[in-house]
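Chemist: Dropping the structure in here first, questions after.
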Amino acid sequence: MHLDIRLERALERVELVTGVGTRDAGRMCVMSLVACLAGEEHTDSPGCASPLIRAFAIPLNDNMPHAVRQRLKPFAPRILGTQDGMDTQRAELLRRALAEEVLPRLGGRQPPQSRRFAGPLWRFWAILGMRRLEREAEWMMDRAVALSDGADLARAIAAAGAVGRLLARAAREAPDPKEADRLWDLAIGLLDRLCDVGGERVAPSPAWAQRLEKVFEPRAKIGS
């Protein structure tokens, strides 16, 4: 999706933060930013967005380093309008990525050795925690292959959250900064692919930039 200059400049002024944030201060998570663009109330569960994308994106947003989190801003206009009935296809994409990209990359991973107090017992619990997340993600994605009713869709959404948490934890506990960057890149790339699923999106609207600009109007007046 091509963003016009006005919207790009408005997005630059937004600060992505953990949690739902405070719209009036221009501090939002990626999903509350979607709600703002759509003209919805301040929430991290916008009605215009795919619940599966939301489940995957929130643990990324909340666990990314601040600078990396800002890379999610361009996704907000793309997520808007993804409540399109295509989460079956998104779940299958995520299942394949988990099996073919995520779990093979994490296979044999050890927790970082350099943390203070990271003795054998701590490392043992860290390994157990990572394996628990891996098993949770595998188990849930196995059961999300064929989506035919509401219960299966709910399971797929929960699975997407498990994959997001797995990637976030793996990146946070990466053995070095370069590996952490690669894992965040993998997570962002998966979000990109999830947003690509589907047909026509909501057409870009001048109202998106206007809504964001309104967020900053009170601050501009105070400073004038």
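Where a number appears in this text, it was derived from the coordinates with a stated rule and is not lab data. Nothing here was measured: the structure is a model prediction, and the numbers come from that model. Positions of Cβ are backbone-derived with ideal geometry, glycine not excepted, and every protein chain shown enters the neighbour counts.
Chemist: Taking the Cα-to-Cβ direction at A154 and at E213 and moving 7 Å from each Cα, how far apart do the two end points lie in nm?
Modeler: Placing both labels 7 Å along Cα→Cβ, they lie 4.4 nm apart.
Chemist: I need to check one value: relative contact order of the range 2-112, counting alpha carbon pairs closer than 8 Å and at least 6 residues apart, in percent.
Modeler: Numbers: 121 pairs, mean separation 25.2, N = 111.
Here the relative contact order equals 23 percent.
Chemist: Put a dot 7 Å past each Cα toward the Cβ at D4 and Q89; how far apart are the dots in nm?
Modeler: About 2.8 nm separates the two model spin labels.
Chemist: Could you list the GluC sites (Glu not before Pro) in the range 13-73 that lie in coil according to DSSP, counting only those with at most 12 other Cβ atoms within 10 Å of their Cβ? If you can, show how the numbers build up before the last one.
Modeler: On the way: sites: E15, E40, E41; in loops: E40, E41.
Sites meeting the loop and neighbour criteria: E41.
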